Amino acid sequence: MARWHQFVLALVFLTRLPLERLLPPRILPLAASCWAFPLAGAVVGAVASLPFLLPGPALLHAALSVALAVWFTGALHEDALADFTDAAGGRNREDRLRIMRDSAIGSFGVIALILTSLIRVTAISVLGPWHLIAATACGRTATVLTLGAMPPARMDGLGHAAGRPGPRNLGLASLIAILCLLWAGEGAFIALIAGLAAMGFTIWLARRWLGGHTGDVLGTASILTETAMLAAFALVI
């Protein structure tokens with residue numbers, strides 16, 4: 001039953017599904033549910049694939065898919081990407097952390113959102129549901145791996161409160177992501193390399209700019225990994 005509650009917690013955290021009533025009254029540590037993040041990501045991908053069932057042009061399906069994913073997740077990762085990208089304008093670590101907590105969005109964040117949205121829509125227009133599900137599952141796995149790769153950059157906030165996932169959770173999350181990726185078929189290996197490169201770039205930037213991770217770093221790792229994998233699938237196919 002503990003595994004079920006951890007899966008529900010992952011869905012509550014990563015989506016807008018109103019499942020809080022299914023959780024036990026005691027507080028569950030978020031790090032313990034990290035193994036289920038790729039499963040929650042697969043659910044996001046499945047929901048985002050629903051527009052494929054509609055008639056009409058593929059480009060419209062792709063645009064509707066991205067819009068549905070953004071709504072279903074509450075723009076959680078898009079908001080993180082905008083905040084983390086805006087930190088590029090900071091002069092030092094403290095300045096970057098301050099910028100990331102500012103609710104206003106800057107030019108770097110706007111450009112990052114436009115570019116990633118364009119890439120996602122264009123890529124999805126030539127892909128199928130399994131490619132989308134694999135990319136969203138692996139994107140959420142990147143969150144888990146990034147959480148385990150670095151200490152938190154500040155002693156408060158989501159990144160610190162989440163805790164550190166243990167080796168067992170990291171391994172299980174990675175295994176689930178690989179299984180989802182294998183179902184995607186052609187282009188899986190190239191997509192995996194692209195996703196790892198995007199995640200690695202995010203981790204490198206976070207170490208250089210902040211000295212660790214924050215909630216915005218985790219969300220950025222997720223959306224950049226997903227976007228890179230979608231682009232790789234599209235280029236191969």
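The values are calculated or read from the model by the stated rules, or taken from the named source; none is laboratory data. As the structure is a prediction and not an experimental result, all values here were calculated from the model. Virtual Cβ from ideal backbone geometry, glycine too; neighbours counted across all protein chains shown. Remember, those area values only see protein heavy atoms, side chains included, never the ligands or the DNA or RNA. Shrake-Rupley method; radii C 1.70, N 1.55, O 1.52, S 1.80 Å.
With n ≥ 4 as the cut-off for DSSP H runs, can you work out [θ] at 222 nm for the chain, using -39500 (n - 2.57) per run divided by the number of residues, rounded to the nearest 500?
On the way: 11 runs with 167 residues, N = 237.
Result for the chain, helices only: -23000 deg cm²/dmol.
Based only on Cα atoms, what Rg/Rh ratio does region 56-134 have, Rh being taken as Kirkwood's radius? Numbers along the way, then the final one.
Numbers: Rg = 15.0 Å, Rh = 13.8 Å.
Rg divided by Rh gives 1.09.
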Chain lengthening between Arg164 and Arg16 when straightened (0.36 nm per residue, less Cα-Cα):
50.9 nm
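Over region 1-118, consider all pairs of different Cα atoms and compute the Kirkwood hydrodynamic radius from their mean reciprocal separation; express it in Å, one decimal. Write out the running numbers ahead of the final one.
Details: mean 1/r = 0.0611 Å⁻¹.
Taking the inverse mean of 1/r over all distinct Cα pairs, region 1-118 comes out at 16.4 Å.
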Environment charge at Pro151 (Cβ cut-off 13 Å; Lys +1, Arg +1, Asp -1, Glu -1):
+3
Compute the Cα gyration tensor for region 108-206, then decide on rounded, prolate or oblate, letting a ≥ b ≥ c be the square roots of its eigenvalues: rounded whenever a/c is under 1.5, prolate when a/b is larger than b/c in the other cases, and oblate in all that remain.
oblate
Students sometimes get this wrong: rank Arg91, Arg16, Arg96 by accessible area, probe 1.4 Å, all chains present, largest first.
Arg91, Arg16, Arg96
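Can you pull a Stokes-Einstein diffusion coefficient for region 3-235 at 20 °C (1.002 mPa s), Rh from Kirkwood over Cα pairs, as a whole number of µm²/s?
Working: Rh = 17.6 Å.
In µm²/s, the coefficient rounds to 122.
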Along each principal axis, Cα extent of region 159-237, largest first, Å:
39, 28, 14
What are the residues whose amide H is under 5 Å from the amide H of His213, where those residues sit 5 or more places off or on another chain and H is modelled from the backbone?
Ala153
Sum of side-chain charges, Leu115 neighbourhood, beta-carbon under 15 Å (Lys, Arg +1; Asp, Glu -1)
-2
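Before I look further, what does region 3-235 give for accessible area per residue, probe 1.4 Å, in whole square angstrom? Write out the running numbers ahead of the final one.
Values: 10470 Å² over 233 residues.
About 45 Å² of surface per residue is accessible.
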